[in-house]
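The values are calculated or read from the model by the stated rules, or taken from the named source; none is laboratory data. Please read all numbers here as calculations on a predicted model, not as lab measurements. Here Cβ is always computed from backbone atoms with ideal geometry, including for glycine, and neighbour counts include all displayed protein chains. Side chains included, ligands, DNA and RNA excluded: accessible areas come from the protein's heavy atoms. Shrake-Rupley method; radii C 1.70, N 1.55, O 1.52, S 1.80 Å.
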Amino acid sequence: RMQLQTLRADLDKNQHDSGSQQVNLQNFKSKSESLQIAKEKLAQDLATYQAQEAEHKEKLEANRAESEKLKDQINKLSREIDVKQKEYDITKSLVDNLEGYPEAIRFLKKNNEWKHQAVLLSDLLTCPEEYRVPIETYLEQYMNYYVVETAAQAVEAINLLGKSSKGRANFFVLDLVNPLEVWEKKDVPFAIPAMELVEVDMRYRPLIQQLLGDVYITEQNLLPDVKDVTLLAKSGSIHRKSYKFSGGSVGIFEGKRIGRAKNLEKLQTEITQLNKDLSTWKHEFQMLNA
């Protein structure tokens, strides 16, 4: 009996221990499953982080390349602005000081007694650079003419020059210029009409049409006779109207006076736009490297 009781006690203990182990095993399995889930989640998170890191590195590399590109553009644009600004300063100095013009022209420009908004013929029009030499050469005798609104303004200036003994000046009077007629292009297949090349404000166009309405520019130097047309060689060395020829050597400064004022306006516009572009690119560069 004692042995039986002992065995039963052992059996009860073993059954109790077995139950406890079963519970422990169940807990272990539960923890194992939780850990497995956590492991899988960590693996997914790791894959996500690795993908994000790869994407970040790719973006970083792209940003670095874009940053270098912007830096190059900024440096290039800064150099271009410097060149334009120097050209503007030189041109403005030429316009303000009227370098290359007679004393009478400079005197009237700086004289406070003659306050009319007169402009030199050379300053009121411009054209593509490759055509400046022939057009300026053709208009040479008129390049120093002041363009005024009325005859009274011209007489006033002439009286000032006479009183001050500052030489002579010539004037175009807009009020005396014939009203603008419809300009008709003539059939000169081997030449370009000067009126299609020059840029000028509408108020001055009647005057320019009087001067250049029948002028055509050609690549040729052997200029044929074309009725009612003046032909200019693009080189500027010769021009012909009917039986009359004119020409000779072309100076190194030819083509430098025409369009100074107009060119000044264009340079100012270009510089303003370039500075806006530079500001935009600098902002993009700062945002990219923030």
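Closer than 30 Å to Asp277 by Cα, open to solvent by less than 70 Å² (accessible area, probe 1.4 Å) and in contact (Cβ under 8 Å) with a residue 24 or more places away in the chain: is that true of Pro134 in this structure? Lay out the reasoning, then the answer.
Numbers: closer than 30 Å to Asp277 by Cα: no; open to solvent by less than 70 Å² (accessible area, probe 1.4 Å): yes; in contact (Cβ under 8 Å) with a residue 24 or more places away in the chain: yes.
No: the conditions fail for Pro134.
Being open to solvent by 100 Å² or more (accessible area, probe 1.4 Å) and not polar (S, T, N, Q) is the filter here, so list the residues in the range 39-70 that pass it. Correct list: Lys39, Lys41, Leu42, Tyr49, His56, Lys57, Glu58, Lys59, Glu61, Arg64, Lys69.
Looking at the range 225-234, is at least one residue in contact with a helix residue (DSSP H, G or I) (Cβ under 9 Å, 6 or more places away or on another chain), modelled with pLDDT of 65 or more, farther than 25 Å from Val95 by Cβ and surrounded by fewer than 20 Cβ atoms within 10 Å (Cβ to Cβ)? Can you show your working first?
Here is the first cut: in the range 225-234, the residues in contact with a helix residue (DSSP H, G or I) (Cβ under 9 Å, 6 or more places away or on another chain) are 230, 232-234.
Filter once more, keeping what is modelled with pLDDT of 65 or more: 230, 232-234.
Subset that is farther than 25 Å from Val95 by Cβ: 230, 232-234.
Restricting the remaining residues to those that are surrounded by fewer than 20 Cβ atoms within 10 Å (Cβ to Cβ) gives 234.
Checked the range 225-234: at least one residue is in contact with a helix residue (DSSP H, G or I) (Cβ under 9 Å, 6 or more places away or on another chain), modelled with pLDDT of 65 or more, farther than 25 Å from Val95 by Cβ and surrounded by fewer than 20 Cβ atoms within 10 Å (Cβ to Cβ).
If you take the residues in the range 110-149 that are of a type in the set (D, E, K, R) and more than 15 Å from Val200 (Cβ to Cβ), which one is farthest from the chain's Cα centre (by Cα)? Give the steps one after another, and end with the answer.
If we filter the range 110-149 for residues that are of a type in the set (D, E, K, R), which is where we start, we get 110, 113, 115, 123, 129-130, 132, 136, 140, 149.
Filter once more, keeping what is more than 15 Å from Val200 (Cβ to Cβ): 110, 113, 115, 129-130, 140, 149.
Numbers: Lys110: 33, Glu113: 39, Lys115: 34, Glu129: 17, Glu130: 20, Glu140: 31, Glu149: 34 Å.
The extreme case among them is Glu113.
Candidates in the range 71-121 are the residues that are polar (S, T, N, Q) and out of contact with any helix residue (DSSP H, G or I) (no Cβ under 9 Å at 6 or more places or on another chain); of these, the one that is most open to solvent (accessible area, probe 1.4 Å) is Gln117.
For Asp17, the stated conditions do not hold, so it cannot be described as closer than 30 Å to Tyr146 by Cα and either open to solvent by 100 Å² or more (accessible area, probe 1.4 Å) or out of contact with any His (no Cβ under 8 Å at 6 or more places or on another chain) (or both).
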